[in-house]
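Working notes, structure below.
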Amino acid sequence: MTGPMDRWHDLAGVRTGVRRVFHEEAEAGRVFFPERLVPYLSHEAVRELPDERRQELTVRHLYQFLLSTAHLETRVVNRGAELIANGRSGIELPPASRLAAFKVYCDEGYHALYSLDLADQIGAVTRVAVPGWDYGGFVGQLADAAAMTLPDHPRLAVLLQVVVFETLITAVLHEIPNDDTVVGAVRETVRDHALDEGRHHRYFTGFFHELWRQLDEPIRARVAFALPALIRGCLLWDVEPVRSSLRLAGLDDSTATAVVRDCYGGDAGDERIRAICRASLRMCESAGVFAVPGAVEQFAAHGLIDGSAP
Ligand SMILES: [Fe+2]
Ligand SMILES: [Fe+2]
């Protein structure tokens, strides 16, 4: 049987890719991040800012995207990849599957490297400083969510978070490479990343099917009920860097807080969340998660499906 990571030595970005370089002269008129994906740019308090401040906000939004990628890959995804690779996941897997997890581990380290590399290059050229955001809050929140959701099975919760990230990241990455309003080096970097993540997506879908098969009935029910909250937790946009970026653009503290509340509070972004987690939901469906009594209702209560069908 062939697996999605079998041709890794010939296909992976870390094995065959080139370093993406930002050339400012070729990029006049382009944006650093798709403006439709920076919700606060259309907020009235931000619309009034001078063009230069608004461009800096977009550059810092890109930094947040790149830096959060670096942190999540190395501090969340690779934590789970390591468990699988070293045979510590609690799931019985053939050696090829463990080798594949080490391939994922290498890929994610490389994705973190080129994300920070690109942020650094753009910072040097645009002179928009790369802020020292450390994502401790977000990574801590994920760890708390894992510990709270399945307190008796902390390792299982970590693995589920990784499966969720790895099945929804492809949709996030596909939002950027085809947008020709965006600077080339950003699109190329995200395209490179999406190619690797397509393979990871298939690997983790297979891993989840195997995990589900090996769980006994009572744990399956607990996992089915835990998944909606874990999915939503993975899709929360970390608002602290946004608030910090708005302050750097000159907004006072209370205005920055109000903009964040208007653009990220309540059900803002719910539609996008549903679109992005579609592949993760398909994986749940094909594994049999929705066959657990009450699971569909639980997913609906978290706003991920409409209540009748996934
Ligand atoms: Fe990655
Ligand atoms: Fe990945």
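The values are calculated or read from the model by the stated rules, or taken from the named source; none is laboratory data. Source: prediction; values computed, not measured. Cβ placement follows ideal geometry from the backbone for every residue including glycine, while neighbour counts extend to all protein chains displayed.
Among the listed residues Ala70, Ala85, Ala26, which satisfies the condition of being away from ligand 1 (no atom under 16 Å from the Cβ) and of a type in the set (A, V, I, L, M, F, W, C)?
One residue alone meets the criteria, Ala26.
Looking at (1) assigned to a helix (DSSP H, G or I); (2) farther than 15 Å from Ser245 by Cα; (3) away from ligand 1 (no atom under 14 Å from the Cβ); (4) modelled with pLDDT of 95 or more, find the lone condition where Lys103 falls short.
Here Lys103 meets the rest and fails (3).
Looking only at the stretch 109-134, filter to residues that are part of a loop (DSSP other than H, G, I, E, B) and in contact (Cβ under 8 Å) with a residue 12 or more places away in the chain; which one of those is farthest from the chain's Cα centre (by Cα)?
In this case the residue turns out to be Val128.
When you go through Val130, Val125, Val46, Val104 one by one, which is the residue that is out of contact with any Ser or Thr (no Cβ under 7 Å at 6 or more places or on another chain) and either within 14 Å of ligand 2 (Cβ to nearest atom) or among the small types (Gly, Ala, Ser) (or both)?
Among Val130, Val125, Val46, Val104, only Val104 is out of contact with any Ser or Thr (no Cβ under 7 Å at 6 or more places or on another chain) and either within 14 Å of ligand 2 (Cβ to nearest atom) or among the small types (Gly, Ala, Ser) (or both).
Do you know which residues across the stretch 11-69 are farther than 15 Å from Gly184 by Cα and part of a loop (DSSP other than H, G, I, E, B)?
If the condition is that a residue be farther than 15 Å from Gly184 by Cα and part of a loop (DSSP other than H, G, I, E, B), then Ala12, Gly17, Val38, His43, Glu48, Leu49, Pro50 are the ones that fit.
Determine, yes or no, whether Ala291 is surrounded by fewer than 13 Cβ atoms within 10 Å (Cβ to Cβ) and in contact (Cβ under 8 Å) with a residue 24 or more places away in the chain.
no
Using beta carbons and a limit of 8 Å, which pairs, at least six apart or on different chains, have the first residue in the stretch 43-58 and closer than 15 Å to Val128 by Cα and in contact (Cβ under 8 Å) with a residue 60 or more places away in the chain and the second one of a type in the set (Gly, Ala, Ser) and in a helix (DSSP H, G or I)?
That search, which allows pairs on different chains as well, returns Leu57/Ser245.
Name the single residue, out of those in the stretch 261-276 being touching a Pro at 6+ places or on another chain (Cβ under 9 Å) and among the hydrophobic types (A, V, I, L, M, F, W, C), that is modelled with the highest pLDDT.
So, considering only residues that are touching a Pro at 6+ places or on another chain (Cβ under 9 Å) and among the hydrophobic types (A, V, I, L, M, F, W, C), the one modelled with the highest pLDDT is Cys263.
Conditions (1) in contact with an Asp or Glu (Cβ under 7 Å, 6 or more places away or on another chain); (2) buried (at least 16 other Cβ atoms within 10 Å of the Cβ), marked per residue:
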| residue | (1), (2) |
| --- | --- |
| Asp180 | no, no |
| Phe207 | no, yes |
| Gln214 | yes, no |
| Ala226 | no, yes |
| Val260 | no, yes |
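Being within 16 Å of ligand 1 (Cβ to nearest atom) and within 27 Å of Thr181 (Cβ to Cβ) narrows it down to one residue among Gly17, Gly80; which is it?
Gly17
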